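Inspection log for the structure reproduced underneath, given as structure tokens.
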Amino acid sequence: NLTESNSGKTLIVSKGRAITLTLANKFDGGYRFDKAQFDTSVLRLQKHVETSPADKNRLGNPGQDFWQFTTLKKGKTVLKITASRPWTRAGTTTVFSNIIMVK
């Protein structure tokens with residue numbers, strides 16, 4: 001199970017195994033997670049679930065996003081999650097980036 005604290009690291013995992021990633025969605029400024037970036041021949045996205053915060057009236061109260069992947073074959077890919085404000089041209093910010101090595 002990966003979290004924001006695993007960003008910038010390398011994960012070595014066996015072929016056929018599941019990988020989960022959970023990130024706090026603390027984007028009070030209107031940022032939203034973009035589509036996950038990875039090599040689709042090495043990983044398959046099984047599901048992506050967005051969970052709203054329990055108390056939507058409290059500022060800074062994050063929800064969570066959860067991604068589940070399956071490793072397909074031996075290889076290496078970067079798993080990258082970015083966030084952006086779709087209505088602006090301010091670009092994106094990298095929230096999570098990890099090297100996945102499938103053995």
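The values are calculated or read from the model by the stated rules, or taken from the named source; none is laboratory data. These numbers were taken from a predicted model, which means no experiment stands behind them. Methodologically, a virtual Cβ is constructed for each residue, glycine included, from the backbone with ideal geometry; neighbour enumeration extends over all protein chains shown. Side chains are part of the model used for accessible areas, which takes the heavy atoms of the whole protein and leaves out ligands, DNA and RNA. Shrake-Rupley method; radii C 1.70, N 1.55, O 1.52, S 1.80 Å.
In Å², and per residue, what accessible area does the chain have when probed at 1.4 Å with the other protein chains present? Don't skip to the end; give the middle numbers.
Numbers: 6580 Å² over 103 residues.
The answer is 64 Å² per residue.
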Pseudo-spin-label distance Lys103 to Thr70, built 7 Å along Cα→Cβ, given in nm, is 2.3
In nm, to one decimal, how far is the modelled label at Glu4 from the one at Arg32, with both set 7 Å along Cα→Cβ?
-> 2.0
Quick one: ranking Ile12, Ile81 by accessible area, 1.4 Å probe, largest first, what do you get?
-> Ile12, Ile81
In whole percent, the fraction of accessible protein surface over the chain that belongs to carbon or sulfur atoms, probe radius 1.4 Å, stands at 46
Over the heavy atoms of Asp34, what accessible area does a 1.4 Å probe trace out, to the nearest 10 Å²?
-> 40
HN-Hα J in Hz across segment 68-82 - Karplus 6.51, -1.76, 1.60, θ = phi - 60°, x for Gly and Pro = 10, 10, 10, 7, 9, 7, 5, x, 9, 8, 9, 9, 10, 10, 10
For the chain, with the dipole built from +1 on Lys and Arg beta-carbon atoms and -1 on Asp and Glu ones, taken about the Cα centre, which of Ser84, Trp67, Ser14 lies farthest toward the positive end?
-> Ser14
Quick one: Cα convex hull volume of the chain, Å³ per residue?
-> 99
Have a look at the DSSP beta bridges in the chain and tell me what percent are antiparallel, nearest 5.
-> 85
